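**Q** One structure follows; several queries about it will come next.
The values are calculated or read from the model by the stated rules, or taken from the named source; none is laboratory data. Predicted, not measured: the structure shown is a model, and the values here were computed from it. All Cβ positions, glycine included, derive from the backbone under ideal geometry; neighbour counts span all protein chains shown.
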Amino acid sequence: GKGLASNVTLKEMYVGKRRLLNKIKLPDVQQFMGLLNEIKDPRYIDFLLSISTVGEDPLPANQMMISELLLNRNVHLLPTIRVDDSGKRGIRLGIHIPGSRDQHGNDFWID
C-alpha cells in the first residue's frame, strides 16, 4: 500500500539532485534493501538504481553502499545464472529469479 506510493515519491524527490543524493547514508539504503527482502517489488530496485547516479554521472559512495549490501549481505536477491554446454544445440544460458516457481512448484528458469 503506502510503502510503494512513498517509494515513487522518494524516487522523484531524489532524481537529479546531487546535493540530496550525496546525503544518503547507509541506514537509508539498508531500509530499502530490507523492503526488497520482504516484498521483492521491482520498484525498490528502481529506487536503488535512481540513487546510484545523477544523469549519467555515477555516485560512487551510493554505489558502494548498495554494492556492499547487495553483494555481501543480500546475494540471495540476485538472479542465478547457469551455462549448459552439454547439448548438441550449443551453449544455453539459464536465469533463475529467486523465489520464482513454475506450475509444478519447481524453480522457474528462463532459457
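**Q** Can you name the residue in segment 68-91 that is in a strand (DSSP E or B) and of a type outside the set (A, V, I, L, M, F, W, C) and is also farthest from Lys25 (Cα to Cα) among such residues?
**A** So in segment 68-91, the residues in a strand (DSSP E or B) come out as 80-84.
Pick out the ones that are also of a type outside the set (A, V, I, L, M, F, W, C) and you get 80, 82, 84.
Details: Thr80: 29, Arg82: 35, Asp84: 41 Å.
Filtering first and then ranking leaves Asp84.
**Q** Looking at segment 46-62 only, could you name the residues that are of a type in the set (A, V, I, L, M, F, W, C) and either closer than 14 Å to His76 by Cα or buried (at least 17 other Cβ atoms within 10 Å of the Cβ) (or both)?
**A** Within segment 46-62, Phe47, Leu48, Ile51, Val54, Leu59 qualify.
**Q** Looking only at segment 70-81, decide whether some residue is exposed (fewer than 13 other Cβ atoms within 10 Å of the Cβ) and more than 23 Å from Glu38 (Cβ to Cβ).
**A** yes
**Q** If you go through segment 1-28, how many residues are modelled with pLDDT of 90 or more and either closer than 20 Å to Pro79 by Cα or in a loop (DSSP other than H, G, I, E, B) (or both)?
**A** 5
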